[in-house]
Amino acid sequence: MNFAVLQFPASNCDQDCVHAVRVLGHAANFVWHKDTSLGVVDAVIVPGGFSYGDYLRCGAIARFSPVMQAVKQFADNGGLVIGICNGFQILCEAGLLPGALIRNRDLQFHCEQVFLKTANLDTPFTSRIPARAVLKIPIAHGEGCYFADETTLATLQAGNQILWQYCSATGELTEGANPNGSVLNIAGICNDRRNVAGLMPHPDRASEAILGSTDGRFIFESMIAALEAKAAVKVA
């Protein structure tokens, strides 16, 4: 499988994402923000960092990059897109995911390991995560507090679009386990078609044991499994 990893000015996790995909034995290539085409790809990763210096709002300028039109068309055609940290912010700003990411509750930048509970295992981003597993994945953000109005939250809950929630080491959804004040402890969501997802934690930084956790691999492995299943259907 071939993954496109976007690059914006001040992206700093693009190489991490490429490495994580290659560790799993698949191809990943950079796509510059001024490009108008993604090329021939199976999935898109919008990586973390500080695109355009986080001016105005995180992701607010990146949403206007030429490459985002190609990403939107790719998603509209059913392609898999995942946004990580700043990538999640960009997808929300671009309207590919609902809600917004705002300043952390304590107004501090958090760089630490967190625990995640997977709320929906039946998606292309979560299918390979073991049932009842608590994932250990790092965060690094100052604007990671997920916020949405009551109507949007109700829609997310009704459609099982909340994918990951901050939890304790034993899987409990507590206020103390929530590093940024996100409503409902939300760490990541998907769209109603389940082909676009975003999360603030960094699975790309949890892909090898030397990094302290390999739990991030489950997310990429889920995407790869979904892509392989889709390819098998086409061949048949």
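Just so it is clear, none of the values below were taken in a lab; they were calculated from the coordinates. The shown structure was predicted, so the numbers you read here are calculated from the model rather than taken from an experiment. All Cβ positions, glycine included, derive from the backbone under ideal geometry; neighbour counts span all protein chains shown.
Looking for whichever is of a type in the set (A, V, I, L, M, F, W, C), buried (at least 22 other Cβ atoms within 10 Å of the Cβ), more than 19 Å from Ala206 (Cβ to Cβ) and in contact with a helix residue (DSSP H, G or I) (Cβ under 7 Å, 6 or more places away or on another chain) here; the options are Leu96, Leu38. Which one fits?
Details: Leu38 fails: buried (at least 22 other Cβ atoms within 10 Å of the Cβ).
Residue meeting the stated conditions: Leu96.
Condition check: closer than 27 Å to Gln73 by Cβ and either basic (Lys, Arg) or surrounded by fewer than 16 Cβ atoms within 10 Å (Cβ to Cβ) (or both). Does Val233 satisfy that?
Details: closer than 27 Å to Gln73 by Cβ: yes; either basic (Lys, Arg) or surrounded by fewer than 16 Cβ atoms within 10 Å (Cβ to Cβ) (or both): yes.
So Val233 fits the description; yes.
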Go through region 47-95 and give me each residue that's within 16 Å of the chain's Cα centre (by Cα) and assigned to a loop (DSSP other than H, G, I, E, B).
Pro47, Gly48, Phe50, Cys58, Gly59, Gly79, Cys85, Ala94, Gly95
For the list (1) out of contact with any helix residue (DSSP H, G or I) (no Cβ under 7 Å at 6 or more places or on another chain); (2) in contact (Cβ under 8 Å) with a residue 12 or more places away in the chain; (3) over 20 Å from Gly49 (Cα atoms), I need the number of the one condition that Val114 fails.
(3)
Considering only residues that are in a loop (DSSP other than H, G, I, E, B), more than 15 Å from the chain's Cα centre (by Cα) and of a type in the set (S, T, N, Q), which ones fall in region 161-203?
Ser168, Thr170, Thr174, Asn178, Asn180, Ser182
Which residues, counting only those in region 201-221, are among the hydroxyl-bearing types (Ser, Thr, Tyr) and without any contact (Cβ under 8 Å) to a residue 40 or more places away in the chain?
Thr214
Would you confirm, using the coordinates I've provided, whether Ile189 is of a type in the set (Val, Ile, Thr) and free of Cβ contacts under 8 Å to residues at least 24 places away in the same chain?
no
Would you check which residues across region 1-16 are farther than 18 Å from Cys58 by Cβ and in a loop (DSSP other than H, G, I, E, B) and list them?
Met1
